[in-house]
Every structure is written in structure tokens, then in C-alpha cells.
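Below is one structure, written out as C-alpha cells, with a few remarks after it.
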């Protein structure tokens, strides 16, 4: 029977039935290769757990004498909001991913997963490589030093780049096959191939660390190609744990965090101080020692956060 707050008391001795959760919509995804880029894909191989598994793990903490528990959704949102991460580790995903080597080199930075990659020492590398779409070939960003800007190159320069790149791939693969024909070991012959060629791996990870991966790799500053893979995976995750994913969107993916200095600047702005003056008072630099305006840094990032908040205020 529910108490006055409408929350059902817990029998601390009650044991949840040990039944493996099965989600029909997720089961239908297993083995389906969702295409990404020219020759890549993401396939859900298997999953363990669902939203209920997260709740079940969290409620182990409710011992003898517990008076009540939150509803499942409220509990999940509480866990995400307060960074109680271990219950999310009870859910796991295993994917089969085919991706360009240069994307794989970024992906492998996430070391909290189990990975088994196809070996070019044992097998011959397929003649498949990534030629970026014309709209993806853009100039270097002057602020995000590791990414592209929105500035498009002239069509003739883009066409020349893609044609030259195609030639590099064809030449490299021709030499690779020639080396193999000469009897050169596969583990040595492979070094002639550019990082645009494809590799493939099984990737298994728990939900807590997968959320961390998605937060970083769905961010606008991440490379576009890995964002495409992340978006496909996010849809699969959403199918398995829709409530947890919504909490992730609300409290992590689409949230803003403010440092101690930023909070001081915010407080000053709320008191009526002009934004740039507030940044100066809080120790958030906006000008370099030579007097030139900064393009990156804490102060610039803080003003960017404020701009996003102002944009939200204009939404209906």
C-alpha cells in the first residue's frame, strides 16, 4: 500500500525474479548493419539489461528499515543527476563496427571498453577506403584547432583534393598487392596503406562508459565522421534504455556546467555587471597579454555558454 506521498514501501527481504530482460524493438536490431559513411556500419550484436536492471541494481542499496523508494523513472533521473554511476554499469552493449582507421584511432582513446579488432597480420585488407563527401572537405578551423570550420573550399579545389586522394588510395593498394605477390609478410606489407582504409572490431562496453563516449563524440567539436557513428549508436541505446537515455540527455548531454570562476561571473552579471567586466572580475581572460582578443580559453567558452542560454530564452 502506498504511503501519504504515494510511494510504495519496500520489503527489504523481497528478491526480484532473475529473468533476463528482452526488448522486442532491440531484439529486432540485433545483427542489422546500420550504414555509416561509404563502407562502414554499426551492428548491435547483443545487450544485457534495460532500464529496470539499473533500478534493480540501485535498490540493492535499500537495506533493512527503508521506508520507501522512488518510482523507477524518478530514481533513474536521481542517479544520473547526482552522478551515482555504478547502477548504469549493470547494462552492457556489444557492437560490431566497421570504420576507417583514422576514426578508429580516435575511438580507441576510450579505454573503458573491451575491443577485439580484425588483424591485417592474419588477413588481407579489403580494397575499401573513405573518400570524404564534397561538403565535408572544408578549411581548418581557427578556433577549434583540431577540427574543420564551416568555410567551404571552392568546388574545383574540393574536386582536385578528392581526385588526388583517390589516386593515393589506388596507388597504395596496388603496391600492397604487389608486396603480397612478392611474398612480403602481410604484417609488413600493410604499412603502405593510408589510414583511410577500413578496419573492423567488436566493441563491448557498459552503459555508464558508453554515455561518456557518446557525450564526447556527439559533441559539435568532435570529428564529423565519429559523430555519425555515435548518432547511430545513440539510437540503439535509446531503444534499450529509453528512460536512462532521456536522463542522460537532460542531465549530461544537453546540460551546461559552470566552474567556480564562471559562477562568480554569473553572480556578477545577475547583479547587473556588464558581461565582459564580470569576466574580468572573475578572472576569466578575454584579452591576450599583447592586447589582442582571445579566440579560445575559459572566458571565451563562458561567453559561448551564455550565448547558448540566451538562444534558449528566445525559443517558444
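The values are calculated or read from the model by the stated rules, or taken from the named source; none is laboratory data. Treat the numbers as computed from the prediction; the structure is a model and nothing was measured. Neighbour counts are summed over all protein chains in view; Cβ atoms, including those assigned to glycine, are modelled from backbone coordinates with ideal geometry.
Per-structure values
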{"quantity": "Strands (runs of 3 or more DSSP E) wholly inside region 137-226 containing at least 2 residues that are over 29 Å from residue 286 (Cβ atoms)", "calculated": "198-206"}
{"quantity": "Selection within region 153-181 - in contact with a helix residue (DSSP H, G or I) (Cβ under 8 Å, 6 or more places away or on another chain) and surrounded by fewer than 14 Cβ atoms within 10 Å (Cβ to Cβ)", "calculated": "155, 159, 175"}
{"quantity": "Test set (1) in the same structural domain as residue 84 (by TED's automatic domain parsing); (2) in contact (Cβ under 8 Å) with a residue 24 or more places away in the chain - residue 275 fails condition number", "calculated": "(1)"}
{"quantity": "Residue check, residue 102 modelled with pLDDT of 95 or more, surrounded by 12 or more Cβ atoms within 10 Å (Cβ to Cβ) and out of contact with any strand residue (DSSP E or B) (no Cβ under 6 Å at 6 or more places or on another chain)", "calculated": "yes"}
{"quantity": "Count of residues meeting criterion [part of a helix (DSSP H, G or I) and either under 25 Å from residue 223 (Cα atoms) or in contact (Cβ under 8 Å) with a residue 40 or more places away in the chain (or both)] in region 80-126", "calculated": "13"}
{"quantity": "Which numbered condition residue 215 misses (of (1) touching a residue at least 40 places away in the same chain (Cβ under 8 Å); (2) in contact with a helix residue (DSSP H, G or I) (Cβ under 8 Å, 6 or more places away or on another chain); (3) assigned by TED's automatic domain parsing to the domain that holds residue 113)", "calculated": "(1)"}
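Results for (1) assigned to a loop (DSSP other than H, G, I, E, B); (2) on the phi < 0 side of the Ramachandran plot; (3) exposed (fewer than 14 other Cβ atoms within 10 Å of the Cβ), shown as yes or no for each residue.
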{"residue": "247", "(1), (2), (3)": "no, yes, no"}
{"residue": "257", "(1), (2), (3)": "yes, yes, yes"}
{"residue": "264", "(1), (2), (3)": "no, yes, no"}
{"residue": "289", "(1), (2), (3)": "yes, yes, yes"}
{"residue": "308", "(1), (2), (3)": "no, yes, yes"}
